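Can you read through this structure? Questions will come right after.
The values are calculated or read from the model by the stated rules, or taken from the named source; none is laboratory data. These numbers come from a predicted model, not from an experiment. In this analysis, Cβ positions are derived from the backbone assuming ideal geometry, glycine residues included, and neighbour counts consider all displayed protein chains.
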Amino acid sequence: MRMTPLISAIHRKPLNTHFFEAKPENVKLLTNKSVIMSLPQTLRDLVCPAPHKRERRKEARPGELLDAALSLFVEKGYAATKVEEVAQRAGVSKGTLFLYFASKEELFKAVVRQNISGNFSEFNTALDEFEGSTADLLRIFVHAWWDRIAASQGAGIIKLMVSEGAQFPELADFYRVEVVEPGSQLIRRVLDRGTQRSEFRLLDPNYGFYAVLAPIMFVELWKNAPHLSGADGLSMNVSKYLDMQIDILLNGLSLQPPANFSS
């Protein structure tokens with residue numbers, strides 16, 4: 001069965017029932033809303049006009065700029081992408097872009113936060129609240145990483161950092177602090193949970209997390225290297241591939257007596 005992404009529960013406070021207590025029938029509350037709603041539709045539109053198209057467009061611009069930047073960074077690379085191209089693809093002027101992002105570097109950082117590291121807070125919350133086995137947690141976590149990050153266009157950022165990170169050490173440092181370190185810590189948390197609950201055997205924490213990271217990194221790079229994998233990624237079923245890797249990993253981690261092999 002395909003595992004669903006990690007979604008933390010949302011707990012709502014109970015509604016205040018005093019607001020629903022019956023009121024005397026002969027009492028009518030007069031509010032601005034009641035006055036407006038009693039007007040004909042044409043007058044209502046004059047009193048409370050819908051947001052102007054320009055206003056709605058302004059609110060959407062940061063997201064449109066980030067989407068345009070992501071597409072260009074993945075298509076052309078960081079060095080070859082110009083802010084003029086990002087603005088043009090988003091349908092705005094270069095000056096408008098700089099109203100939201102001070103530089104191409106800041107634009108890139110915002111793209112990384114929106115598409116990759118912005119997921120980490122929710123992942124951590126879900127790890128805190130998960131009550132099942134660590135084996136199930138590992139399966140859900142790996143599939144969630146794929147669904148939220150690796151299967152999206154944002155995975156191309158990982159390939160970009162591998163190929164261009166050395167040319168832009170400041171961005172490489174940012175990516176390491178923003179993505180690599182917290183992502184690695186998430187994996188360590190899963191493995192530590194299994195060890196503390198006596199579900200996994202003791203591992204060297206400095207190397208154990210690579211066993212989980214390796215298949216994720218492989219599929220991210222493989223799907224973004226069509227010159228190696230072919231346009232269809234050699235017809236790889238990513239879900240089956242990840243399930244197989246998790247199965248191999250869990251059989252190597254589980255606390256069980258070694259099999260007796262006859263010589």
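How many residues are within 11 Å of ARG193 (Cα to Cα) and either part of a helix (DSSP H, G or I) or touching a His at 6+ places or on another chain (Cβ under 7 Å) (or both) when one looks only at region 112-139?
6
Condition first: farther than 22 Å from ALA166 by Cβ, among the polar types (S, T, N, Q) and exposed (fewer than 13 other Cβ atoms within 10 Å of the Cβ). Now tell me which residues in region 74-114 satisfy that.
SER93, the sole residue that qualifies.
Something else now. Would you pick out the residues in region 63-111 that are among the basic types (Lys, Arg) and either assigned to a helix (DSSP H, G or I) or under 24 Å from the mean Cα position of the chain (by Cα) (or both)?
LYS76, ARG89, LYS94, LYS104, LYS109
Could you please let me know if ARG188 is modelled with pLDDT of 90 or more and under 25 Å from ALA135 (Cβ atoms)?
Yes; evaluated as a whole, the condition is true for this residue.
Between GLU64, GLU75, GLU84, which is modelled with pLDDT of 95 or more, of a type outside the set (Phe, Trp, Tyr), outside the structural domain of ILE149 (by TED's automatic domain parsing) and more than 18 Å from TYR175 (Cβ to Cβ)?
Testing whether each residue is modelled with pLDDT of 95 or more, of a type outside the set (Phe, Trp, Tyr), outside the structural domain of ILE149 (by TED's automatic domain parsing) and more than 18 Å from TYR175 (Cβ to Cβ) leaves just GLU84.
Here's another thing I want to ask about it. Filter region 123-134 down to residues that are surrounded by fewer than 17 Cβ atoms within 10 Å (Cβ to Cβ) and either basic (Lys, Arg) or in contact (Cβ under 8 Å) with a residue 12 or more places away in the chain (or both), then give me how many there are.
The total comes to 4.
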